[in-house]
Amino acid sequence: MYRTFALMMLCAALAACKPTPRTAPDAHRTPPPAEQTPAPEPQTPATPEEPPAPAPQPAPTPTAEPANALLKVHAARQEYALLQPWEKKTADEDSALGVYLGDGRVLTVAEPLRAATYVELSLPDDSRSVPARVLKRDDDLNLALLTVEHEADASIFDTRTALALGEPMALGAEAELAGLVRGLTPVHIPVLVQGVNGEVPHLTARTAAPAPEGHDQGAPVMQGGKLVGLSLSFEADALSLELINAELIARFLDEAHRSGTPVLGLRFTPLDDPVLRRYLELPEEQSGLYVSAVIPGSAAENAGIIPGDVIIAIDGMAVDAQGRCRHPLYGLYNAAALLRIAKPLGEALSLNLYRHGEQLELPVPLNRDIAEHGLHALESAGSAPRYILWGGLVFQPLTESYLNAVRQRSNGDLPLPFLRLTQREKELAESGEKEPIGLTIVIPTPATLGYDRARFAVVKAVNGKPVHDLAELAELLDEPTADDVTEIRLDTAPYSIYIDRSAAETANDLIRRRGIPVLRNL
């Protein structure tokens, strides 16, 4: 009897524990929030018939899904080898994300497109790809604008939602990085802008979660449903994002925009020496940038800035003791770098100076002439380097691009003749020299016997006539001489070399047959 009663009590207890619609394991259970931060509260209460779906990230979803504006950008690239200008480096590939802006335009970062030989756009899931072309590119701002190569392929934009550009972000701004997981699932990651770095200001931000793979270049940063930044790089370990602010994007998209940032042509020295400060008659509390040199022909020289001036304010922003200005967006920012981005090309920058104990204000019309001509010229990425190969002697303009390539090859060092060029800028400008020309390589041929160590020299004259640029050198090398010998004068030992013109022409034929068909690119 007792056993029967105990069995009845056990059955009743088990019946009391049976799951009900309120306590069933899978009924209306909300998945846990993301690990980094809690999920947002739902704005409307859920009904039993339709449980609420959890947000993928704890950021409010914009009015338009920014992931629908994404495309992939793929580029095949092959750069020229500046130290052997008739050759190209090994081809490679790069990719980034692009953001659709409407009217067939896609905004992306410029770095993957440098020296690109082929560019294509594809949908995020790679279901369709079409050839693309670059509408414009600015390597200084690291931005590019693309469209389809063929009008018939414009239908690739039919499923894309155009994004509008928002207001620039300042330090402390909150936004979100938008993207797609594996090209399919939208994701929004909160970001907080914390700092700025670089000669051209790039914002640094901390993210609430890792970015999806492949979103380190070109992914949109959103605020209020509008594009306010473009990602440049992402460090997963530090959850750190580097991005281009909407301020620079707006400047780039302006129809009047000219590629590149201004180059004033100034060199600076710290003002921490009290003797120098007294010599300059600076008040005790005054700070600034001491101008140690002004590059001839530069925007700064044309505006009237001279060595010894002290820049104390840039467009009304005072320079502090650490050489910084307080920028409205970027906070305390390097004043020397600010000279490059405070205003775009074509506008004027206002500089307040101390000169001989007096203050003055100078407007500086901004250009980048010295970056396009002469010693400080920068070759456009992907363009064929200029050179002359004559009889086994290789002559090249000693541009900033070439000198940088030499520095990279030799751990930052330059051959002494090239190093001296930076100390003779004023002399070169006054002599009318447009671009220094170097004898950079000597290929062993019958015409160059005995001159194998003559490389890394600056060319001064040919047959007694001064050389001012590469085109002039070509003309002088073509001039016949009475004895069929051409004298090339250099600025270092052996100082003069003598080339038999007939032997040089024979060597040229031999070089062509050995695989260098183009002996001149002017």
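The values are calculated or read from the model by the stated rules, or taken from the named source; none is laboratory data. Everything numeric here is computed off the predicted structure, so don't read it as measured data. Cβ sites come from the backbone with ideal geometry, for glycine too, and all protein chains shown count toward neighbours. Heads up: the accessible areas ignore ligands, DNA and RNA and are worked out on the full protein's heavy atoms, side chains in. Shrake-Rupley method; radii C 1.70, N 1.55, O 1.52, S 1.80 Å.
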Which value, in nm² and rounded to one decimal, describes the direction-averaged projected area of the C-alpha convex hull of the range 117-169? 5.2
Just to be sure I follow the rule: in the chain, considering lysines 8 or more places apart or on different chains, how many pairs have Cα atoms under 17 Å apart? 4
When the Karplus curve 6.51 cos²θ - 1.76 cosθ + 1.60 is applied with θ = phi - 60°, which whole-Hz ³J(HN,Hα) does each residue of the range 416-421 get, with x for Gly and Pro? 3, x, 6, 5, 5, 4
Indicate the gyration tensor shape class of the range 71-210 (rounded, prolate or oblate), computed on the Cα atoms with a ≥ b ≥ c the square roots of the eigenvalues: a/c under 1.5 is rounded; otherwise a/b larger than b/c is prolate and the rest oblate. oblate
So what's the chain giving for Cα Rg divided by 2.2 N^0.38 Å, two decimals? 1.34
Taking the Cα-to-Cβ direction at residue 284 and at residue 184 and moving 7 Å from each Cα, how far apart do the two end points lie in nm? 7.2
Using only the heavy atoms of the protein chains and a 1.4 Å probe, how would 399, 506 rank by accessible area, largest first? 506, 399
For the range 462-518, the Cα convex hull volume per residue in Å³ comes to 104
Among trypsin sites (Lys or Arg not before Pro) in the range 430-479, those in a DSSP loop whose Cβ has at most 11 other Cβ atoms within 10 Å are 453
Place a +1 charge on the Cβ of each Lys and Arg in the range 363-508 and a -1 charge on the Cβ of each Asp and Glu, then give the dipole magnitude about the Cα centre in debye, rounded to the nearest 20. 540
Apply the a/c threshold of 1.5 to the C-alpha gyration tensor of the range 256-340 and tell me whether it is rounded, prolate or oblate. oblate
Hey, what number do you get for the chain at 222 nm if only DSSP H runs of n ≥ 4 count, each worth -39500 (n - 2.57), divided across all residues, to the nearest 500? -4500 deg cm²/dmol
Rounded to whole Å, √(5λ) for the Cα gyration tensor eigenvalues of the range 317-393, largest first, gives 36, 16, 13
Once the piece of chain linking residue 238 and residue 383 is laid out straight, how much longer is it, given 0.36 nm per residue of separation minus the C-alpha distance between them? 48.5 nm
Reciprocal of mean inverse Cα separation for the range 188-238 (Kirkwood radius, Å): 11.6
Across all directions of projection, what mean area in square nanometres is found for the Cα convex hull of the range 369-522? 9.3
Please give the per residue accessible area of the chain, computed with a probe of 1.4 Å over protein heavy atoms only, in Å². 51
Could you look at the chain and say what percent of its accessible area is carbon and sulfur, using a 1.4 Å probe and all protein chains? 51
Most to least accessible of 80, 290 (protein chains only, probe 1.4 Å): 80, 290
Give the ranking of 390, 86 by solvent-accessible surface, highest area first, calculated with a 1.4 Å probe. 86, 390
Please work out the Cα convex hull volume for the range 163-203 and give it in Å³ per residue. 109
